[in-house]
1. Averaged over every viewing direction, what's the projected area of the C-alpha convex hull for the range 2-433? Give it in nm², one decimal, please.
2. Compare the Cα positions of G358, V418, F246 along the charge dipole of the range 2-433 (+1 at Cβ of Lys, Arg; -1 at Cβ of Asp, Glu; about the Cα centre) and return the one farthest towards the positive end.
3. Can you put H262, H219 in order of Cβ neighbours within 10 angstrom, beginning with the fewest?
4. In what sequence, highest mean first, do 26-37, 105-116 appear when ranked by Cβ atoms within 10 angstrom?
5. Listed highest first by mean packing, meaning other Cβ atoms within 10 Å per residue, what order do 179-188, 314-323, 354-363, 60-69 come in?
6. May I ask you to sort D410, D49 by Cβ crowding, counting other Cβ atoms within 10 Å and putting the fewest first?
7. Quick one: compute the contact order of the range 2-433, relative version, from alpha carbon pairs under 8 angstrom and 6+ residues apart, as a percent.
8. If N is the number of residues in the range 285-326, what value comes out of its Cα radius of gyration divided by 2.2 N^0.38 Å?
Amino acid sequence: MASSDPQLANRILRGLVIGLIAGIVTLGVGQIWPDALTFMQKVSTQVFDPIGQVFLRLLFFVIIPIVFASLASGVLQLGQPEKLGPLAGRTFALFFLNMAVGVALGLIVMNVVQPGRFIDEATTKVLMASYGGAAEAAVANQTQAQAGLSVMTLVEMFMPRNLFGAFVGQSRNSIGDVLPLILFAILVGAAGTSMAVVRREKLLEALNTVNELMTGIVHFALRLAPYAVPAMIYSVVVRVGIDIVFALGVFVISCAGVLMLHLFGTMSLWVRFWTKRKPTEYFAQIKGVLITAFSTSSSAATLPASLECARDKLKLSPSTSGFVLPLGATMNMSGTALYEGCVVLFIAQVFGVDLGIGQQLTLLLLAVLSAVAVAAIPGGSLPLIAGLLATFGVDPAGIGIILGIDRILDMCRTAVNVGFDLTTATIVDEYVRKGETTPADPA
């Protein structure tokens with residue numbers, strides 16, 4: 001099994017570096033011999049992309065069952081329904097706090113650096129022309145982000161009329177809405193706590209069996225990771241090209257820098273002051289999960305690895321990790337909220353739209369709330385960013401400016417999302433073990 005290989009994370013990391021270097025070399029050769037670059041772009045599309053997709057699809061296969069089984073079993077293992085309240089309250093408070101801190105950091109950096117001032121009108125036109133079609137597709141889907149923040153909207157998000165239709169998705173190429181599934185899993189777990197002991201144990205055994213089966217499939221996928229990851233990274237670099245990275249260099253560096261500051265700075269402070277762990281040892285323990293998140297650009301696809309890390313390396317309570325991590329993979333989008341705030345302010349700067357302090361505070365709140373609705377898959381935030389741009393009077397089509405480098409930054413923000421999921425679970429587990437909430441974990 002992949003989990004028995006302690007060097008897996010290092011092998012994936014080496015593959016990632018190899019793919020990145022090979023992509024940069026190919027771009028360099030392409031400057032001298034354009035036909036070679038065109039050929040390798042075709043090879044990436046026809047060969048490397050399918051290899052990466054096999055790896056991703058194996059992970060996507062298990063998302064729905066593992067979210068349901070892990071969350072329901074986590075609630076069930078609490079033993080008493082009244083224990084769910086303090087656990088959920090602390091979890092959601094930490095989710096909101098780390099997303100708010102992330103957006104605040106992003107807005108501060110964007111205001112100080114002002115990367116939008118470095119993009120001239122000619123570059124803007126070129127980027128808009130190159131990615132206008134993709135931008136229109138994102139704008140067309142912005143209604144899902146800006147349908148309003150009424151109570152009825154929340155009801156629709158969590159309680160659709162057709163539960164199975166909601167999380168199954170509208171087509172074979174899309175992942176459905178996981179929020180209703182989360183609520184249903186919590187209800188199943190809560191209802192199960194009131195069952196007779198024998199029946200409750202049978203239900204827990206069945207849920208744990210599903211978890212083990214899905215983990216087995218994840219191990220199959222992880223065997224491909226050292227080969228799939230370099231293929232995916234190479235494909236991204238070759239198709240994005242170095243020109244667009246240079247054109248948006250100040251924004252890319254600023255955004256990636258603040259994402260890393262939030263991940264390694266804010267998270268280190270949380271681990272240092274809210275747990276008994278040392279940040280350096282903690283990051284060493286979760287390194288493999290962060291690499292998986294970075295490689296896949298999907299919080300949902302990384303969830304099985306997060307659950308395994310929480311159980312085997314962090315030694316967290318099954319009830320805590322089973323409750324916090326599935327919720328986090330869907331709702332705790334710290335990196336995404338930060339990125340949304342950065343992009344909206346950046347594009348506003350490019351178009352000369354001045355957002356005052358009051359508007360930026362509103363942006364902070366909306367970025368946090370809208371990030372919860374982001375699909376935990378690559379590029380899931382784009383329609384919501386388009387909606388936020390429209391809210392502040394900025395042309396939503398301006399999203400075309402950043403589409404070329406979105407995948408690169410998507411990888412960074414997904415690592416932040418997943419890192420804070422694990423950190424939140426670790427902090428909550430510390431308080432659980434102190435006795436503030438005492439889940440009845442079966443031995």
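Coordinate-derived values only; no laboratory data. Note that this is a predicted model, so its numbers are computed, not measured. When we count neighbours, we look across all protein chains shown, and the Cβ atoms used for this are built from the backbone with ideal geometry, even at glycine.
1. Averaged projected area of the range 2-433's Cα convex hull equals 20.4 nm².
2. Going by the charge dipole, the pick is V418.
3. Values: H262 24, H219 18.
Ranked by crowding around the Cβ, least crowded first: H219, H262.
4. Details: 26-37: 13.2, 105-116: 18.9.
Order by mean packing, descending: 105-116, 26-37.
5. Numbers: 179-188: 19.5, 314-323: 24.1, 354-363: 14.1, 60-69: 21.3.
So the order, starting with the most tightly packed, is 314-323, 60-69, 179-188, 354-363.
6. Details: D410 24, D49 17.
Least to most surrounded, the residues fall as D49, D410.
7. 33
8. Numbers: Rg = 9.8 Å, N = 42, 2.2 N^0.38 = 9.1 Å.
Computed over Cα atoms of the range 285-326, the ratio equals 1.08.
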